[in-house]
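The values are calculated or read from the model by the stated rules, or taken from the named source; none is laboratory data. This one's a predicted model, so the numbers in the text were calculated from it and none came from an experiment. All Cβ positions, even for glycine, are placed from backbone atoms using ideal geometry, and neighbour counts span all protein chains on display.
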Amino acid sequence: MPPVVFNGNMPRFADELFFRNPMPIVQEFIVVVYGEETVQFISPNPYFNGENFPYILNASEGEIQKIRYKDHDFRGIRFKLNGYDIEIFKNVDSELQSINQLRNSITIGLISLIVIAVLLSAILASRILKPVRENYDKQVFFVQDASHEMRTPLAVIKGKLEILANSWDVNIDSNFEHISKIMSEVVGLEKLNNNLLLLTKENIDLNISVTKVSLSTFIEGIGDFYCDLAELQNKEFQVIKPRRRNYSSMGL
């Protein structure tokens, strides 16, 4: 018996099947009715006809199956009703397309969020790290300045000790000036060290005091060191002092 496609005239076996046991069929569902191992009825659809249609194995009865037919995706189920085998198919192309679009949208959204998060973190990190970097640069400059401040008195002490080492046969009274100079430089280093320790302490109010310093006296103290070195190497060293004038200096 050839398959029957519904065209408004319900055949007798279909009348017995659907009117005795009403079962509303949504238009988007495709119904295939098998009777005596032959196709008895196919609901009108743009995909299947009496000659070509998918088939769900009896072993899969009652389970929703995935079906791929001529580049179309379907979901189908097979069950028995009043002695007939009924297969119901639903085309899910639009649903799968929506899922793919949703998946692509989520992927693009996640990538966009990651890029935005990286950019925001970079901007915030640069703003947060900017004061840290500035403080680090200030610490580097401070250490360099402290190193230069300690280099001069250490050089003076070294020079005076070299002079004393080369005049070991002279009594201590003759070298009193050199020893006094060494002691003054040691006192200066001790003061500098105390100031450095003071700066490392937290929550201490440091008051900057401005005092007057004699530039002539400052140059004279440095010149004495080089005069001693020149004398040790049998060279002449001359210090040209500026006019006596006081300069302001900041101290802790």
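List of remarks:
- Within region 13-45, the set of residues being within 13 Å of N91 (Cα to Cα), at pLDDT 80 or above and of a type in the set (A, V, I, L, M) comprises I30, V31.
- Verdict on I106 being farther than 30 Å from N193 by Cα and under 38 Å from the mean Cα position of the chain (by Cα): yes
- Filter result (of a type in the set (G, A, S) and either part of a helix (DSSP H, G or I) or more than 30 Å from Y34 (Cβ to Cβ) (or both)) within region 80-99: S94, S98
- From the list L161, L102, the one residue that fits, being touching a helix residue (DSSP H, G or I) at 6+ places or on another chain (Cβ under 8 Å), loosely packed, with under 14 Cβ neighbours inside 10 Å and over 30 Å from V32 (Cα atoms), is L161.
- Unique residue being at pLDDT below 85 and surrounded by 12 or more Cβ atoms within 10 Å (Cβ to Cβ) when the list is F48, F89: F48
- You will find that of I128, I77, I106, the residue that is of a type in the set (V, I, T) and not in a helix (DSSP H, G or I) is I77 and no other.
- Condition check for V186: aliphatic (A, V, I, L, M) and out of contact with any helix residue (DSSP H, G or I) (no Cβ under 9 Å at 6 or more places or on another chain): no
- Any chance I67 is modelled with pLDDT of 70 or more, surrounded by 16 or more Cβ atoms within 10 Å (Cβ to Cβ), over 53 Å from the mean Cα position of the chain (by Cα) and within 25 Å of N100 (Cα to Cα): no
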